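S.K.: Questions regarding the structure given below will be posed in turn.
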Amino acid sequence: MRFTIAAFLLSVPGLLTFAQSKPKPKVPLRMPPDANPQYFPAGVFDKDPVVNEFLARWYASELRALREPSIYEGESPTTSESAKVSEYRITILPTWGNAISIRVQRRGELYGLSARRLNGQAGYAPGELVESIDTILSPEDSKTLAILIQNLAFFQMPAIDNIRGMDGDEWIMEAASQAKYHVIVRWCATSYNPAKRELAAFLTLCKFLVDVSTLSERPSNKGHKLI
């Protein structure tokens, strides 16, 4: 799958920040559609329908392998309990590293946390689910998380920025809160001047989630830890 992803990103005009434009190919969509459940709203990742379809299928295939529910369709048990429910998920897809997801749901004053890790390489094939953690954060960690979420102002962040490229790592954050859903994607979030990209609060939240998840492996690409 990695060859398809790399070839696709390289050859679509305007998608890469650093690559020269080339004629758009007919890309085989070998992954199943983002449906049943649908993880993302239509057209959210790119104005080009071919690019958007490709990315939606890729991201959704990883979330299925992680056995994660759809926040967008409200599959998670907490999303139907109250309009005040707050639920966030970060999914990190390194080309040469394990896909991980960390999802938190507010339960009164505390947050529940669900963390998952695959053993494949996200740019090639997802692999199998090898780590699954479900826990309740302490009052102290829950309070810290609430502050970090407030500082992020997530629902005001644009879905995408203008930094894209081959390989690297995809950072996908979703949230459902007060009957609203939002998703953003950042390529190589820890690189290419994160401060200028206004990702300081985003990365602070991501690091906190990885820290409290207690996953045995931190997200990495080619053996280099991402955060």
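S.K.: From the set of residues in segment 55-73 that are touching a Phe, Trp or Tyr at 6+ places or on another chain (Cβ under 6 Å) and of a type outside the set (G, A, S), which is surrounded by the most Cβ atoms within 10 Å (Cβ to Cβ)? Talk me through it step by step, then tell me what you get.
M.R.: Taking segment 55-73 and keeping what is touching a Phe, Trp or Tyr at 6+ places or on another chain (Cβ under 6 Å), we get 55-56, 60, 63, 70, 72.
Those still in the list that are of a type outside the set (G, A, S) too: 55, 63, 72.
Numbers: L55: 23, L63: 25, Y72: 19.
Looking at residues that are touching a Phe, Trp or Tyr at 6+ places or on another chain (Cβ under 6 Å) and of a type outside the set (G, A, S), I get L63.
S.K.: Oh, and also: Six or more apart or on different chains, Cβ under 8 Å: which pairs go from a residue in segment 132-143 that's over 18 Å from P69 (Cβ atoms) to one that's among the β-branched types (V, I, T)? Could you list them?
M.R.: Pairs that qualify, where the first residue is over 18 Å from P69 (Cβ atoms) and the partner is among the β-branched types (V, I, T), are L137/V104; L137/V212; D141/V212.
S.K.: Quick one: count up the residues across segment 144-177 that are in contact (Cβ under 8 Å) with a residue 60 or more places away in the chain, over 19 Å from D211 (Cα atoms) and of a type in the set (A, V, I, L, M).
M.R.: Within segment 144-177, residues that are in contact (Cβ under 8 Å) with a residue 60 or more places away in the chain, over 19 Å from D211 (Cα atoms) and of a type in the set (A, V, I, L, M) number 6.
S.K.: In addition: Taking segment 60-105 as the search range and keeping residues that are among the acidic types (D, E) and more than 12 Å from the chain's Cα centre (by Cα), which one is modelled with the lowest pLDDT?
M.R.: Pass one, segment 60-105, residues among the acidic types (D, E): 62, 68, 73, 75, 81, 87.
Imposing the further condition that a residue be more than 12 Å from the chain's Cα centre (by Cα) reduces the set to 73, 75, 81, 87.
Values: E73: 83, E75: 64, E81: 48, E87: 96.
The extreme case among them is E81.
S.K.: A further question on this structure: Do you know which of the residues in segment 142-168 that are in contact with a helix residue (DSSP H, G or I) (Cβ under 9 Å, 6 or more places away or on another chain) and part of a loop (DSSP other than H, G, I, E, B) is modelled with the lowest pLDDT? Full working, then the answer.
M.R.: Our first condition is that a residue be in contact with a helix residue (DSSP H, G or I) (Cβ under 9 Å, 6 or more places away or on another chain); within segment 142-168, this holds for 144-145, 148-149, 151-154, 157, 164-167.
Narrowing further to those that are part of a loop (DSSP other than H, G, I, E, B): 153, 157, 164-167.
Working: A153: 95, M157: 97, R164: 87, G165: 85, M166: 80, D167: 84.
Among residues in segment 142-168 that are in contact with a helix residue (DSSP H, G or I) (Cβ under 9 Å, 6 or more places away or on another chain) and part of a loop (DSSP other than H, G, I, E, B), the one modelled with the lowest pLDDT is M166.
S.K.: So which residues in segment 125-146 are surrounded by fewer than 12 Cβ atoms within 10 Å (Cβ to Cβ) and under 21 Å from the mean Cα position of the chain (by Cα)?
M.R.: Across segment 125-146, the qualifying residues are E128, D134.
S.K.: Taking interchain pairs and intrachain pairs at least six residues apart, which have beta carbon atoms under 8 angstrom, with the first residue in segment 103-129 and of a type in the set (F, W, Y) and the second outside any loop (DSSP other than H, G, I, E, B) and surrounded by fewer than 20 Cβ atoms within 10 Å (Cβ to Cβ)?
M.R.: Filtered contacts from segment 103-129: Y111/I136; Y111/D141; Y111/A146; Y124/R2.
S.K.: Take A201 and decide whether it is assigned to a strand (DSSP E or B), under 14 Å from I90 (Cα atoms) and in contact with a helix residue (DSSP H, G or I) (Cβ under 6 Å, 6 or more places away or on another chain). Spell out how you get there, then give the answer.
M.R.: On the way: assigned to a strand (DSSP E or B): no; under 14 Å from I90 (Cα atoms): yes; in contact with a helix residue (DSSP H, G or I) (Cβ under 6 Å, 6 or more places away or on another chain): yes.
Spelling it out, it is not the case that A201 is assigned to a strand (DSSP E or B), under 14 Å from I90 (Cα atoms) and in contact with a helix residue (DSSP H, G or I) (Cβ under 6 Å, 6 or more places away or on another chain).
S.K.: Looking at (1) surrounded by fewer than 19 Cβ atoms within 10 Å (Cβ to Cβ); (2) under 20 Å from T214 (Cβ atoms), which is the one condition that is false for I100?
M.R.: Failed condition: (1).
S.K.: Let me ask you something else. State all residues of segment 178-197 that are surrounded by fewer than 17 Cβ atoms within 10 Å (Cβ to Cβ), touching a residue at least 12 places away in the same chain (Cβ under 8 Å) and more than 17 Å from the chain's Cα centre (by Cα); if no residue qualifies, say none.
M.R.: Q178, A179, K180
S.K.: Right, another one. For residues that are among the hydroxyl-bearing types (S, T, Y) and outside any loop (DSSP other than H, G, I, E, B), scanning just segment 204-219, find the one that is nearest to N119 (Cα to Cα). Spell out the reasoning first.
M.R.: If we filter segment 204-219 for residues that are among the hydroxyl-bearing types (S, T, Y), which is where we start, we get 204, 213-214, 216.
Subset that is outside any loop (DSSP other than H, G, I, E, B): 204, 213.
Details: T204: 25, S213: 17 Å.
Among those that are among the hydroxyl-bearing types (S, T, Y) and outside any loop (DSSP other than H, G, I, E, B), it is S213.
S.K.: Checking G108 against (1) farther than 16 Å from H182 by Cβ; (2) at pLDDT below 55, which single condition isn't satisfied?
M.R.: Going through (1) farther than 16 Å from H182 by Cβ; (2) at pLDDT below 55 one by one, G108 breaks only (2).
The values are calculated or read from the model by the stated rules, or taken from the named source; none is laboratory data. Note that the structure is a prediction, hence the values are computed from the model and not measured. Because the Cβ atoms are built from the backbone with ideal geometry, glycine has one as well, and the counts that use them run over all protein chains shown.
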